[in-house]
Amino acid sequence: MCAALQPEELFQAAQARAAQMDVRRNGVPAALERLRADASALFARIPEPPLYRRAEDPARKAAEALLPEVEKVLAQALAVAREPEAGPAAEGILAAVRAHAEALCHTVSGRLGPAEAAWRRGLELERAAHPTHNLVTGAPKAPPVFDKATGVSRYDPREAPHAKVKLVCPNTGCKRIDDYAFTASHAYHRFVCPACNTPFLAYFGELRMLEVERLRSSNRYLFTVDEVGGGSSARIDFEEASGAEFPAARRDLLAFLYTEARELKAVVNVTNGRLMWISPAASCFLATAAFGEGAPELVAFRAFRDEVLRQHGLGRAFIRGYYRHGPGLAAWVVRHPRVRAGVRGALTLVHRGLKRSGHT
């Protein structure tokens, strides 16, 4: 693309490209979710326009390198937005992408005044278009309780604004989904499940970046989030062995759910409603399928794995094979009650032997 590209030229190219797209092939909701993720990844890479013109400006080079991707995402947004069921969500993303595309074109061509204005407009539209924007944006701030200028103190009787979210109880044997209210002024909250009457903890944060490392028998997730209400950031990482996908985009509101023993059990993407149960990479898949998560029998099996199997090559090879095929086998066992009962009976006998051997 040439350095003198005008925004209108980029928009026309994107419209021509959008005319060839069929977003109904996999369903409009899936296309909208894909657009949201792709636009979010693009927004994270948009450079701030430079303050003044200079030769070999890296910001201008970065903007020029992004133009093909901007055209692609803009075409994607145009194609999705033309579908009536996509609704205002697609229109909001389209407006933000258009503004950022305009800013990039102006940046590449050295029109820094218009670039700055379009870039700032794009930031505002980007945040306004996010589905959970209003959940973590509180009501207008009240006047100060103590006014230094006048020396007047007052009492503010208003309750802090609350947001309602759907969460799942992470406690073993419950997993009930309910509505919970939380204040966006702080990130940590303690809830009590109305079904099992057991407390659990939730940590709320806006996603800044998600890295997923594909390992042989598990995925390593590394979340970087901005704490809700706190202004600071945090990193949360863990290995997850189920292989489940967890779609998430920048600025999604996430809830990390812990038991009172501070054991991370699940992650909820409040923005798109997706839930990921965490199956630790060291799970005893068949034993968990037979006895249930948190069963006391699992302690003996894990002790045998760590104290015996890991100590020699053949045992480690068995563990690698078990982690590779165990999740699928365990899922099959769960779907067949008679098989599950047989596996439970066989593992009960093995468990008795392990206990006699001191693996408790």
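With respect to the conditions (1) over 23 Å from Thr271 (Cβ atoms); (2) touching a Pro at 6+ places or on another chain (Cβ under 7 Å); (3) in contact (Cβ under 8 Å) with a residue 24 or more places away in the chain, Glu33 lacks only one, and its number is (1).
Out of Val23, Val73, report the one residue that is outside the structural domain of Asn272 (by TED's automatic domain parsing), out of contact with any Leu (no Cβ under 6 Å at 6 or more places or on another chain) and aliphatic (A, V, I, L, M).
Values: Val73 fails: out of contact with any Leu (no Cβ under 6 Å at 6 or more places or on another chain).
Criteria check complete, one pass: Val23.
Among the residues of the range 190-242, those that are over 18 Å from the mean Cα position of the chain (by Cα), under 27 Å from Ala331 (Cα atoms) and at pLDDT below 90 comprise Leu215, Arg216, Ser217.
Of all the residues that make up the range 181-216, how many are of a type outside the set (Ser, Thr, Tyr) and assigned to a strand (DSSP E or B)? Residues meeting the conditions: 21.
Can you tell me which residues in the range 113-129 are modelled with pLDDT under 85 and of a type in the set (A, V, I, L, M, F, W, C)?
At the first step, the residues of the range 113-129 found to be modelled with pLDDT under 85 are 127-129.
Within the range 113-129, Ala128, Ala129 qualify.
When the range 87-130 is filtered for residues that are within 28 Å of the chain's Cα centre (by Cα) and not in a helix (DSSP H, G or I), only His130 remains.
Is it the case that Pro84 is surrounded by fewer than 14 Cβ atoms within 10 Å (Cβ to Cβ), at pLDDT 85 or above and closer than 21 Å to Trp119 by Cβ? If you could, list the steps in order and put the result at the bottom.
On the way: surrounded by fewer than 14 Cβ atoms within 10 Å (Cβ to Cβ): yes; at pLDDT 85 or above: yes; closer than 21 Å to Trp119 by Cβ: no.
Against the criterion (surrounded by fewer than 14 Cβ atoms within 10 Å (Cβ to Cβ), at pLDDT 85 or above and closer than 21 Å to Trp119 by Cβ), Pro84 does not qualify.
When Leu112 is tested against (1) touching a Lys or Arg at 6+ places or on another chain (Cβ under 9 Å); (2) within 28 Å of Glu206 (Cβ to Cβ), just one condition goes unmet, and that condition is (2).
Taking the condition among the β-branched types (Val, Ile, Thr), under 27 Å from Arg274 (Cα atoms) and touching a helix residue (DSSP H, G or I) at 6+ places or on another chain (Cβ under 9 Å), does Val108 pass?
Details: among the β-branched types (Val, Ile, Thr): yes; under 27 Å from Arg274 (Cα atoms): no; touching a helix residue (DSSP H, G or I) at 6+ places or on another chain (Cβ under 9 Å): yes.
Criteria not met by Val108.
The condition of being of a type in the set (A, V, I, L, M, F, W, C), modelled with pLDDT of 85 or more and within 13 Å of Phe301 (Cβ to Cβ) holds for Val343.
For residues that are at pLDDT 65 or above and among the basic types (Lys, Arg), scanning just the range 157-173, find the one that is farthest from Met276 (Cα to Cα). By that ranking, first place goes to Lys164.
The values are calculated or read from the model by the stated rules, or taken from the named source; none is laboratory data. This structure is a prediction, so every number in the text was calculated from the model and none was measured. Note that each Cβ is placed from the backbone with ideal geometry, even for glycine, and that neighbours are counted across all protein chains shown.
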